[in-house]
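The values are calculated or read from the model by the stated rules, or taken from the named source; none is laboratory data. The shown structure was predicted, so the numbers you read here are calculated from the model rather than taken from an experiment. Glycine also receives a Cβ, built like all others from the backbone with ideal geometry; neighbour counts cover every protein chain displayed. With ligands, DNA and RNA removed, areas are computed over all heavy atoms of the protein, side chains included. Shrake-Rupley method; radii C 1.70, N 1.55, O 1.52, S 1.80 Å.
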Amino acid sequence: MTQRHLETPVEMSTIVSLAKRRGFVFPASEIYGGIGSTWDYGPLGVELKRNIKEAWWRSMVYERDDIVGLDSAIIQAPQVWVASGHAEGFADPLVECPSCHKRYRADQIDDPSKCPDDGAELSEPRMFNLMFKTHVGPVEEDAAQVWLRPETAQGIFINFDNVLTATRMKLPFGIAQIGKSFRNEITTGNFIFRTREFEQMEMEFFVKPGEDEKWFEYWVKARFDWLVGLGVRPEKLRLRVHEQKELAHYAKAATDVEYEFPFGWGEVEGIANRTDFDLSAHEAASGKSLKYFDQELNEHYWPYVVEPAIGVDRVAAVLMVDAYDEEEVGGEKRVVLRFHPDVAPIKVAVLPLSRNEKLVPKAREVHAIVRKEFPSSYDDAQSIGRRYRRQDETGTPLCVTVDFETVESDDAVTIRNRDTMEQVRVPVAELADRLREQLRAMGSRV
Ligand code: ATP
């Protein structure tokens with residue numbers, strides 16, 4: 001595990017500004033003044049998100065025999081959301097200040113009767129439905145009204161029988177999905193932690209009723225370990241068991257994996273025991289059987305469902321905060337994102353010592369070798385020291401430097417390690433192997 005040096009927790013504003021400066025995350029619609037709590041992912045941010053999704057998909061689908069994937073539509077028939085209970089129950093308590101007109105989620109403020117801003121008495125809470133409404137087709141009439149999905153899970157439940165028929169899966173088995181979800185949150189904020197448009201990675205694991213509690217425990221542990229496997233410090237993670245009164249309308253039990261952000265502990269992932277709530281509700285509403293036929297018992301029944309649900313954007317926030325480090329090197333501050341190599345946006349940067357006309361073509365040649373195997377970049381602007389710092393600040397695990405000896409004598413290059421700052425000289429012919437070895441030594445599994 002990588003040793004970190006920064007003693008005080010990083011401020012959220014430091015992460016937000018680094019994210020913008022280096023091209024991870026930009027405020028959306030910025031040239032028009034922004035659209036509040038909406039963010040766009042830049043060249044490095046998009047790589048970070050792809051790596052998170054790839055790691056999740058690998059652990060859920062590719063490395064297991066009992067989970068298959070799905071990619072269902074964002075807009076489904078409105079009946080889906082009526083049957084699932086979202087049309088009626090997917091709401092948060094909204095309170096409003098009559099004097100400053102600010103709105104709050106009653107369950108997110110200390111005293112839901114007083115405005116946290118000016119102390120005025122807040123309105124009585126009213127339930128505010130979080131689903132975004134829109135219309136399909138050219139006529140904005142009630143019959144054409146649909147919702148944008150607030151979770152990807154329902155797309156899985158309504159395809160339960162399709163997947164079962166197509167794959168002949170046997171219980172216990174799961175269906176995994178990654179995609180955008182939309183929630184008209186009353187209050188957003190804390191950077192990309194809570195937004196109205198976000199990406200979710202959800203897996204519905206169908207089990208025999210009675211085996212649900214065992215699987216629930218299994219997934220709580222597996223999901224905690226997954227975050228640790230991405231390099232997140234375990235002491236910054238904790239499990240929080242939901243009390244009965246805070247359980248969602250569909251859940252029998254729920255546990256959150258929380259991370260200690262600079263603004264406090266926040267949910268990163270929720271694991272819920274959804275029982276047979278969804279399958280039975282869709283069967284009742286659609287009239288189509290969504291039961292499983294258990295050949296051993298010669299019985300039809302609704303499986304129970306254990307769901308781990310996590311947000312890509314929240315994981316991105318966790319990884320940036322958790323990886324952030326500062327140390328002093330040679331009297332200067334060095335900022336490093338100590339990303340696990342599997343999530344680092346760029347794995348290898350190729351840097352000629354200078355823009356010399358002998359070095360550049362050789363460095364391009366070396367980059368051509370490196371990029372075949374590793375997401376990589378090439379940079380020849382500014383001094384080599386500054387370029388190392390730039391790569392440190394975006395979390396690139398390895399830099400490869402091409403110098404005069406490379407072209408004049410040894411056809412070898414230097415690999416510099418982000419964490420140890422150690423440099424080793426390796427022949428160009430062995431470069432790919434040596435890069436792979438170093439990334440593995442830093443924890444890479446790919
Ligand atoms: P909260 O209580 O924070 O509103 P929730 O319990 O409603 O969240 P879930 O329905 O369990 O959230 O959603 C599963 C996961 O999806 C969350 O753990 C989180 O990672 C992500 N997620 C949910 N809402 C948002 C949002 N508004 N912005 C970003 N990610 C979100």
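Spin-label model, Val82/Thr420: points 7 Å from Cα along the beta carbon direction are separated by 6.5 nm.
In terms of the mean number of neighbouring beta-carbon atoms within 10 Å, the peptides 391-404, 248-261 order highest first as 391-404, 248-261.
Across all directions, the average flat footprint of the convex hull enclosing the Cα atoms of the stretch 193-324 is 9.8 nm².
Ligands, DNA and RNA are left out, and with a 1.4 angstrom probe the accessible area of the chain is 48 Å² per residue. Of Lys362, Lys133, Lys170, Lys102, the residue with the largest accessible area leads and the full order is Lys133, Lys170, Lys102, Lys362 (1.4 Å probe).
Kirkwood Rh, the stretch 257-322, all Cα pairs: how many Å? Kirkwood radius, the stretch 257-322: 14.7 Å.
Residue separation times 0.36 nm, minus the C-alpha to C-alpha distance between Phe263 and Asn162: what's the value? Show your work: numbers first, answer last.
Details: separation 101, 0.36 × 101 = 36.36 nm, distance 4.33 nm.
Here the answer is 32.0 nm.
Placing R0 at 25 angstrom, the Cβ-Cβ distance between Arg240 and Lys20 gives a FRET efficiency of 0.20 after rounding to 0.05. Entry for the stretch 346-441 at q = 0.13, 0.14 Å⁻¹: log10 I(q)/I(0) = -0.36, -0.42, Debye formula applied to identical alpha-carbon scatterers, no solvent contribution.
Computing FRET efficiency as 1/(1 + (r/R0)^6) for Glu296 and Arg233, where r is the C-beta to C-beta distance and R0 is 45 Å, gives about 0.50.
Run the numbers for Phe132 and Asp107: contour at 0.36 nm per residue of separation, minus the present Cα-Cα distance, in nm. Mind dumping the intermediate values first?
On the way: separation 25, 0.36 × 25 = 9.00 nm, distance 2.11 nm.
Stretched out fully, the Phe132 to Asp107 stretch lengthens by 6.9 nm.
Per-residue packing, averaged as other Cβ atoms within 10 Å, sorts the ranges 267-275, 46-54 into the order 267-275, 46-54, beginning with the highest. Between Arg371 and Arg64, the simple spin-label model (points 7 angstrom out along Cα→Cβ) gives 3.7 nm.
Please compare each pair in Lys53/Lys347; Lys53/Lys333; Lys49/Lys102; Lys53/Lys170 to a cut-off of 22 Å on the Cα-Cα distance and tell me which ones are over it. Mind dumping the intermediate values first?
Details: Lys53/Lys347 17 Å; Lys53/Lys333 32 Å; Lys49/Lys102 33 Å; Lys53/Lys170 26 Å.
From Lys53/Lys347; Lys53/Lys333; Lys49/Lys102; Lys53/Lys170, over 22 Å: Lys53/Lys333; Lys49/Lys102; Lys53/Lys170.
Exceedance of the 27 Å cut-off in Cα-Cα distance is limited, within the set Lys133/Lys291; Lys133/Lys236; Lys214/Lys245; Lys180/Lys208; Lys20/Lys372, to Lys133/Lys291; Lys133/Lys236; Lys180/Lys208; Lys20/Lys372.
Close amide-amide hydrogen proximity is noted between Tyr378 and Val350, each under 5 Å apart and 5 or more residues distant or on a separate chain (H modeled in the peptide plane; Pro and chain starts excluded). Computed as a quarter of the hull surface, the mean projected area of the alpha carbon convex hull for the chain stands at 26.9 nm². Fully extending the segment from Ala143 to Asp40, taken as 0.36 nm per residue of separation minus the present Cα-Cα distance, adds 33.8 nm. To the nearest 10 degrees, how steep is helix 359-371 against the longest Cα principal axis of the chain, on a 0 to 90 scale? In the chain, helix 359-371 runs at an angle near 30 degrees to the longest axis.
Taking every DSSP beta bridge with both residues inside the stretch 346-441, roughly what % is antiparallel (nearest 5)? Walk me through the numbers before you get to the answer.
Values: 9 of 17 bridges.
Of those bridges, close to 55 percent are antiparallel.
Each principal axis of the Cα cloud of the stretch 96-242 was taken in turn, and the coordinate range along them, longest first, works out to 59, 53, 31 Å.
Ignoring ligands, DNA and RNA, please state the percent of accessible area on the chain from carbon and sulfur, probe 1.4 Å.
Values: 10460 of 21220 Å².
Ligands and nucleic acids excluded, carbon and sulfur reach 49 percent.
If the label point is 7 Å along Cα→Cβ of Lys358, which residues in the stretch 399-422 have backbone nitrogen under 11 Å from it? Residues 403-410 fall inside that zone.
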